[in-house]
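Here's the structure, in structure tokens; my notes come after.
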Amino acid sequence: MITVQRILSTASAILLFALCSCQEDGVDGQVSMTCTDIVTFAGNDNGNALFTFQKVDDSPLITLRSQISINTDEYPAGTRMLISYNPPENRAYTSGDVRLIGARTITQSAIYTEWSPDFDAWDRDPVYVYSTWRTGNYLNVHVRLTYSTEPRLFCLAADPATLDTPWPDVYMVHTMASETDNHDRAYYASFDLSPVWDQPGVEGIRLHVANSNLDKHIFTFARQH
């Protein structure tokens, strides 16, 4: 039996922390760039939280060092987060010391490589896809889903019959516990593709989504050579 993946965070989720600053801007004032990225919390180093991520696809790994620590009992190393920060020397996508503005956890799980009967109804409840992109072994999504307090199945599952091919078929499974007529909320999620992506001979994946935004239901992600 597959364990349901509970939606952990929403667009209005409480920040782990919030730091406020007021900086003069304008023609003669300093303007600080603010970046927002999905990252992996890599633990604390001498009281400073470290985050790693890749800008897109197979670009170089970036390491950010913040000015505060994070409670590893509540948020262990490996936790995927959405963070906002001022980059080093106002240079985006550069490793170095950053000023962390805010952060929150997002839904995360590894892709399933064994098919379950729970996945047969993968397209029963549509997903409104704002965007989806790959950063290294992670597939990230920004989606809108029907709000519900009941647990739901929300995950990625690979078709086992395609795992030995250069382009495995992957399905975004979204099935709610019951039919719900409610408003939608925006969510971020990050799925670890490693069990599929690291297989020899894999050149990319085809992601199938019951997308209710535009007429696009297959997204392709290729390995960069």
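The values are calculated or read from the model by the stated rules, or taken from the named source; none is laboratory data. All of these numbers come straight from a predicted model, not from anything done at the bench. Reconstructed Cβ throughout: ideal geometry from the backbone, glycine too, with neighbour counts over all protein chains shown. For accessibility, only protein heavy atoms count, side chains too; no ligands or nucleic acids. Shrake-Rupley method; radii C 1.70, N 1.55, O 1.52, S 1.80 Å.
Restricting attention to region 187-199 and to residues that are hydroxyl-bearing (S, T, Y) and surrounded by 15 or more Cβ atoms within 10 Å (Cβ to Cβ), the residue that is modelled with the lowest pLDDT turns out to be Y187. Determine whether region 24-33 contains at least one residue that is within 25 Å of W197 (Cα to Cα) and either at pLDDT below 95 or in contact with a Ser or Thr (Cβ under 6 Å, 6 or more places away or on another chain) (or both). Checked against the condition, which is being within 25 Å of W197 (Cα to Cα) and either at pLDDT below 95 or in contact with a Ser or Thr (Cβ under 6 Å, 6 or more places away or on another chain) (or both), region 24-33 yields no hits at all. For region 64-183, the strands (runs of 3 or more DSSP E) that sit wholly inside it and include 1 or more residues that are open to solvent by 50 Å² or more (accessible area, probe 1.4 Å) and in contact (Cβ under 8 Å) with a residue 60 or more places away in the chain are 99-105, 107-110, 128-135, 138-146. Counting the residues of region 200-216 that are part of a loop (DSSP other than H, G, I, E, B), free of Cβ contacts under 8 Å to residues at least 40 places away in the same chain and surrounded by 14 or more Cβ atoms within 10 Å (Cβ to Cβ) gives 1. Against the condition open to solvent by 60 Å² or more (accessible area, probe 1.4 Å) and either at pLDDT below 85 or more than 16 Å from the chain's Cα centre (by Cα) (or both), how does S12 come out, does it pass? Yes: the conditions hold for S12. Applying the selection to region 33-63, what residues are closer than 13 Å to Y85 by Cα, in contact (Cβ under 8 Å) with a residue 60 or more places away in the chain and open to solvent by 40 Å² or more (accessible area, probe 1.4 Å)? T34, the sole residue that qualifies.
Does at least one position in region 179-186 carry a residue that is of a type outside the set (F, W, Y), farther than 18 Å from Q108 by Cα and either modelled with pLDDT of 95 or more or within 19 Å of the chain's Cα centre (by Cα) (or both)? There is at least one residue in region 179-186 that is of a type outside the set (F, W, Y), farther than 18 Å from Q108 by Cα and either modelled with pLDDT of 95 or more or within 19 Å of the chain's Cα centre (by Cα) (or both).
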